[in-house]
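All of the numbers you see were taken from the coordinates with simple rules; none came from a lab. It should be emphasised that the depicted structure is a prediction, and the values quoted were computed from it without experimental measurement. Neighbour counts are summed over all protein chains in view; Cβ atoms, including those assigned to glycine, are modelled from backbone coordinates with ideal geometry.
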Amino acid sequence: MSYASRRQAFMDKMQGGVAIFHSAPEFLRSGGHNIEISYRQDSDFYYLTGFTEPETICVLVPEHPEHHFILFVRPRDPQMEVWTGKRAGVEGAQETYGADAAYTLDQLAEKLPEYLKGCQTLYYNSGTEHAFDEQMIAFINRFRRAMSGGPRQVVDPGSILNEMRVVKDAEELEVMRKAAQVSGAAYRDVLKALKPGMYEYEIQAVLDYGYLKQGAARHGYSPIVGSGPNATILHYDQNNRHMQDGELLLIDSAAEYQYYSADITRTYPINGRFTPEQRAIYEIVLEAEEACIAATKPGADLADIHNTAIEILTSGLVALGILKGDVQQNIEEKTYRQFYMHGTCHWLGLDVHDRGPYRVTEKGRQAELAPGMVFTIEPGIYIAEDAENVDPRYRGIGVRIEDNVVVTQDGCEVTTGSAPKSIEEIEVLMGGR
Ligand code: GLY
Ligand code: MN
Ligand code: MN
């Protein structure tokens, strides 16, 4: 589907009115010296326009006689372009990006009210660009003072976009498969490099190089490279520990490729061999992960998959004596939460925690899975170093395994299979070191 078809689909779902989107803000790295943090377009903005420049406003007006898609952009400026690169300008906005009308940003105050005239409903996501929020409120107030029929209500465009973005079209799926393959290949490089005595950041560097050399733009999110007890810290990202023989390394990292992110976790033994205790925990998590993949099909929902993970993780922990008593009772009393304290799935796409329906519906269910939806499956077990109620042999072990799946007509496709995860494959590829 092209950007034009996405805009049309969005406008078809609007109840008339006007939608306004602002490009992502630019951030300076340090005060006042024009050194910006590498720019990334806002995901909704990119989804609807493919336009990647900052300081841009997109206006969609389904009921306008001629202009349904309007861009306000930075003007061409040969002097500035020497510093920051070519701009599309007004001509490019129309010719390359298909705007029905395009203006420079300084024409906003003059032109925008013309499109807002007679608009009852304004679709606008406030709260991310405060200066622009104020400008929008000023426009609305101007209409109200003049009593000349400006917007009566402001609606979050996410009420339409969340549902659109959760089902990926064929082009998006191709890019997402590529993001997954690029990431998986870097995990294979990690298996070649990993050995005791390295620092966590050296493994991060292997990942960085692996992604960038294959054309990925950046990491999809801050990489977690946590060895030994750091594997039990869910959002660890210092990545600076000296890795020891006999420990596990948990890596949660993936590439962003053409704006779409993968999201992978693997847990590897640093010396190439799992200890019996590490293996026991790993096998439980892998069994849970594979059962969740098998449970993914149209008609199921993310809560079903989470419950599948909880059942297997809890019964595994009971079998090892880490949880005591009856499995069902442990599930009811949520005792597993000491060792598994996060969700199993989230939507994936332009954002690593992508837009989509997360909430439980009135019928007590989450959105039913349908072909083209992409999400993660990521069960884990984390036994803190100081978990005094646990046999000391298991303390400080953290294992998570995370794959990405696309829902198909009768099940799912795992896109991240190229990152090794079976014990046999890991141990053979590492060959003991
Ligand atoms: N990497 C973030 C997550 O797994 O949710
Ligand atoms: Mn992850
Ligand atoms: Mn994830």
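Descriptive notes on the structure:
- Estimated FRET transfer efficiency when R0 is 45 angstrom, pair T84-K195 (beta carbons, to 0.05): 0.60
- Phi to ³J(HN,Hα) by Karplus 6.51 cos²θ - 1.76 cosθ + 1.60 over region 87-100, Hz, x for Gly, Pro: 10, 5, x, 5, 5, x, 4, 7, 6, 8, 9, x, 5, 6
- Around the amide H of Y123, modelled in the peptide plane, lie the amide H atoms of V18, A19, I20, V155, all under 5 Å away and 5 or more residues distant in sequence or on another chain.
- Principal-axis tilt of helix 170-193 within the chain, Cα atoms, nearest 10 degrees: 40 degrees
- Its alpha carbons considered, the chain gives a radius of gyration followed by a Dmax of 24.8, 77 Å.
- Cβ-Cβ distance of V414 and Q107, R₀ of 56 Å, FRET efficiency by 1/(1 + (r/R0)^6): the value works out to about 0.70.
- Listed by chain and number, the lysines whose alpha-carbon sits under 18 Å from that of K168, ignoring those within fewer than 8 places in the same chain, are K13, K178, K297.
- Computed [θ] at 222 nm, helices only, for the chain once each DSSP H run of length n ≥ 4 contributes -39500 (n - 2.57): -11000 deg cm²/dmol
- Among F339, F51, F143, the largest mean-square fluctuation in a Gaussian network model of the chain (Cα springs under 10 Å) belongs to F143.
- Approximate spin-label separation E63-Y358, in nm, with each point projected 7 Å along Cα-to-Cβ: 3.4 nm
- Rounded to 10°, Cα long-axis angle of helix 130-146 versus longest principal axis of the chain: 40 degrees
- With 0.36 nm allotted per residue and the present C-alpha distance subtracted, the Q214-Q329 stretch has 36.5 nm of extension available.
- Beta bridge orientation in the chain: antiparallel %, DSSP, nearest 5: 80 percent
- For K117, the aspartates and glutamates whose Cα falls under 16 Å of its own Cα, not counting residues fewer than eight places away in the same chain, are E63, E66.
- For H219, the residues 5 or more places off, or on other chains, whose built amide H falls under 5 Å of its own are E256.
- Full extension of the chain segment joining Q258 with E425 gains 57.1 nm, where the gain is 0.36 nm per residue of separation less the Cα-Cα distance.
- Ordering of 21-28, 104-111 by burial proxy (mean other Cβ atoms within 10 Å per residue, highest first): 21-28, 104-111
- Sorting the segments 255-268, 314-327 by their mean number of nearby beta carbons within 10 angstrom, highest to lowest, gives 255-268, 314-327.
- Cross-link partners for K195 among the lysines, with Cα-Cα distance under 26 Å and sequence neighbours closer than 8 places in the same chain left out: K213, K421.
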